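Structure record follows, encoded as structure tokens.
The values are calculated or read from the model by the stated rules, or taken from the named source; none is laboratory data. On a predicted model such as this, the values are computed, not experimentally measured, just so you know. Cβ placement follows ideal geometry from the backbone for every residue including glycine, while neighbour counts extend to all protein chains displayed. Keep in mind that these areas ignore ligands, DNA and RNA; they rest on the heavy atoms of the full protein, side chains included. Shrake-Rupley method; radii C 1.70, N 1.55, O 1.52, S 1.80 Å.
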Amino acid sequence: MEFLVRYNEASDSIRTTISPNNVPEEEEEEEMLRNDLKYYFMSPCEKYRARRQIPWKLGVQILKIIMITTQLVIFGLNNQIVVSYKEENAMAFKRLFLKGYGGVDEDDYSIAWYTQQDVHDGLFYLLDQYGNLRNLSVGPVSYAQEDSESLPIVICKELYKKGSKPFEEYYNIEVQTETVCITMNPISLQDDKWKRDNGSFFAVDFYRFINMKITFQLKGVNLHTIRAHELPDCYTFFVTIYLDNQGHSGLIKVYFEMNTVSSACKNWKISGTAQRNTHYVLIFDSFVILICLTSAVLCTRSMILAIKLLQRFSRFFRVNYKRKICKADQKEFLNGWYVMVIISDVLAIIGSILKMEIQSKNLTSYAVCSIFLGTSTLLAWVGVIRYLGYFQTYNVLILTMQAAFPKVLRFCCCAGMIYLGYTFCGWIVLGPYHEKFEGLSRVAECLFSLVNGDDMFPTFAQFHEKSILVWLFSRVYLYSFISLFIYMVLSLFIALITDSYETIKNYQKNGFPMTDLQKFLREQRDFTCSEGSRQVESNYWALCCCRRLPNDDDILLIC
């Protein structure tokens with residue numbers, strides 16, 4: 001942020017000549033500025049004792065934390081019901097439609113078929129189960145309808161356009177593909193006639209077969225929400241079952257995917273207090289929005305007042321001492337806590353609006369709403385540290401974080417380059433031989449767990465001696481990474497924070513070097529800079545050496 005403060009010598013009404021008549025006016029201006037600065041840097045309790053002014057911002061922040069935390073808990077409990085309902089339905093559908101499903105998915109697919117008979121039996125089993133769904137499912141699930149008619153199930157298969165059955169080492173396959181689809185109504189699947197009518201479609205040439213996609217829609221209702229004093233949710237399940245044979249490896253992977261869309265149930269009559277309690281929750285969310293707006297307005301007002309006070313202080317030093325205030329003093333006026341509180345308020349307002357829309361069954365973005373509400377609550381609770389910082393015992397954490405952060409950030413940038421190098425190397429070399437190194441994200445997660453001493457022996461043990469060269473490389477790779485990051489990088493990382501902590505403890509014991517702002521508040525007029533202060537500046541972020549201004553009439557203050 002930049003503040004451009006310009007003063008013209010001819011038009012500056014503040015600047016006065018040094019004379020006995022002007023001394024009282026200058027001293028009065030200086031005293032008013034000093035009092036305003038002292039009041040600005042007081043804690044809420046000190047402000048109340050000084051001017052009997054009620055700390056509205058503190059009261060609003062306490063009320064906001066209570067309300068948004070309560071809102072988060074309510075939304076979290078409801079979200080757990082929705083998530084549990086979706087997961088249980090997905091498990092039930094896999095059991096209903098996938099023949100041979102054992103209840104646990106493989107690495108990235110639900111089940112695998114290995115023979116032609118498995119594929120035919122699995123497809124016919126799926127369609128039979130779908131046709132008799134109402135007589136099989138124990139849940140309130142039915143076929144999705146449009147214009148009072150059940151939506152059909154759609155089956156599409158993709159094959160190479162031409163080809164002949166492989167004979168020994170001779171293959172005749174055309175690269176171009178074709179897609180063939182059929183649709184079948186659920187009612188037509190309730191007898192065996194469909195097998196005779198569509199026998200040619202299911203007579204698959206597996207040497208040309210690439211994949212098959214089966215899609216259908218189901219409807220369900222979550223009655224559990226009634227026990228939570230809410231209206232029931234109606235859901236549409238978009239189910240996709242995908243048979244993957246692109247590798248032609250003798251294994252056809254079967255993927256099960258389900259997307260869920262919720263909506264308000266129509267033509268329902270619920271006796272009790274569900275509707276009334278829903279209105280109460282909406283009213284509570286409206287109060288949360290109002291409190292967050294109030295908090296954001298108060299913090300914005302405080303930031304504007306701080307900027308004006310900074311300009312007054314800069315002008316006073318420019319006129320009376322021909323000096324430019326240092327960056328550390330400028331940072332004192334730019335309160336980062338207010339910025340964080342405003343961001344938290346904005347996120348809470350957006351999250352509350354989304355929550356109200358979800359409560360009214362107009363939206364289904366549970367994940368997006370959770371991100372906004374969770375992040376806003378996190379920032380709100382972190383903001384409490386600002387008030388603990390008024391106590392010297394608790395202020396050590398804040399000062400240590402502020403002092404260590406720039407050095408830690410630079411250190412992490414350098415260590416990150418080494419970390420990325422190990423990540424890429426491990427993925428390309430060890431990926432084919434170890435499941436933890438199969439993807440870049442998995443390699444990064446594996447290495448991070450190794451840095452923290454987790455799962456070390458299994459990582460070593462799962463490298464089988466299929467290739468002596470790779471096995472030796474894995475040992476060199478893992479030993480060098482663990483030794484480098486645990487014994488050197490991690491130790492240096494801790495040392496940086498420990499050094500900052502010891503520096504802060506020493507300053508709290510012997511006193512912090514004073515800046516121009518602190519000297520001004522203590523009514524000191526010695527603003528000379530020494531070599532010692534320059535040395536201190538390199539060790540502690542909040543200290544700086546103030547520079548004399550040139551003889552020009554313009555000042556550029558950069559924060």
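Could you check, for segment 392-412, whether at least one of its residues is buried (at least 17 other Cβ atoms within 10 Å of the Cβ), part of a loop (DSSP other than H, G, I, E, B) and touching a residue at least 12 places away in the same chain (Cβ under 8 Å)?
no
Applying the selection to segment 428-472, what residues are of a type outside the set (A, V, I, L, M), assigned to a helix (DSSP H, G or I) and open to solvent by 70 Å² or more (accessible area, probe 1.4 Å)? Don't jump to the end; show me each part of the working.
Kept after step one, since they are of a type outside the set (A, V, I, L, M), are these residues of segment 428-472: 431-439, 441-442, 445-446, 448-449, 452-455, 457-460, 462-467, 471.
Retained after the next criterion (residues that are assigned to a helix (DSSP H, G or I)): 431-433, 435-437, 441-442, 445-446, 448-449, 457-460, 471.
Within segment 428-472, Pro432, Tyr433, Glu435, Ser441, Arg442, Glu445, Phe448, Phe457 qualify.
Do we find that Lys86 is among the basic types (Lys, Arg), in contact with a strand residue (DSSP E or B) (Cβ under 8 Å, 6 or more places away or on another chain), touching a residue at least 40 places away in the same chain (Cβ under 8 Å) and open to solvent by 40 Å² or more (accessible area, probe 1.4 Å) in this structure?
Details: among the basic types (Lys, Arg): yes; in contact with a strand residue (DSSP E or B) (Cβ under 8 Å, 6 or more places away or on another chain): yes; touching a residue at least 40 places away in the same chain (Cβ under 8 Å): yes; open to solvent by 40 Å² or more (accessible area, probe 1.4 Å): yes.
Here the answer is yes, as Lys86 does meet what is asked.
Do we find a residue being on the phi < 0 side of the Ramachandran plot, open to solvent by 60 Å² or more (accessible area, probe 1.4 Å) and not aliphatic (A, V, I, L, M) anywhere in segment 56-67?
Keep residues of segment 56-67 that are on the phi < 0 side of the Ramachandran plot, which gives 56-67.
From what's left, open to solvent by 60 Å² or more (accessible area, probe 1.4 Å): 56, 62-63, 66.
Now narrow it down to the ones that are not aliphatic (A, V, I, L, M): 56.
Yes, the conditions are met somewhere in segment 56-67.
With the requirement that a residue be among the charged types (D, E, K, R), assigned to a helix (DSSP H, G or I) and farther than 30 Å from Ile350 by Cβ, what does segment 68-124 give you?
Pass one, segment 68-124, residues among the charged types (D, E, K, R): 86-88, 94-95, 99, 105-108, 118, 121.
Next, from what is left, pick out any that are assigned to a helix (DSSP H, G or I): 86-88, 94-95, 118, 121.
Residues satisfying the conditions are Glu88, Lys94, Arg95, Asp118, Asp121.
Under 6 Å by Cβ, and 6 or more places apart or on different chains, what pairs join a residue from segment 116-129 that is open to solvent by 10 Å² or more (accessible area, probe 1.4 Å) with one that is part of a helix (DSSP H, G or I)?
Listed pairs, sorted by first residue: Gln129/Leu96; Gln129/Phe97.
List, please: which pairs have Cβ atoms under 8 Å, are six or more places apart or on different chains, and start with a residue in segment 303-319 that is more than 25 Å from Met340 (Cβ to Cβ) and end with one that is aliphatic (A, V, I, L, M) and in a helix (DSSP H, G or I)?
Arg312/Leu33; Phe316/Leu33
Identify, by number, the condition in (1) open to solvent by less than 20 Å² (accessible area, probe 1.4 Å); (2) over 30 Å from Glu30 (Cβ atoms) that Phe313 doesn't meet.
All conditions are met except number (2).
Kindly indicate whether Lys47 is of a type in the set (Lys, Arg), at pLDDT below 75, surrounded by 15 or more Cβ atoms within 10 Å (Cβ to Cβ) and not in a loop (DSSP other than H, G, I, E, B). Write out each step before concluding.
Values: of a type in the set (Lys, Arg): yes; at pLDDT below 75: yes; surrounded by 15 or more Cβ atoms within 10 Å (Cβ to Cβ): yes; not in a loop (DSSP other than H, G, I, E, B): yes.
Yes: the conditions hold for Lys47.
Scan segment 132-173 residue by residue and report those that are modelled with pLDDT of 70 or more, open to solvent by 70 Å² or more (accessible area, probe 1.4 Å) and of a type in the set (S, T, N, Q).
Once the filter is applied, which keeps residues that are modelled with pLDDT of 70 or more, open to solvent by 70 Å² or more (accessible area, probe 1.4 Å) and of a type in the set (S, T, N, Q), segment 132-173 yields Asn135, Gln145, Ser148.
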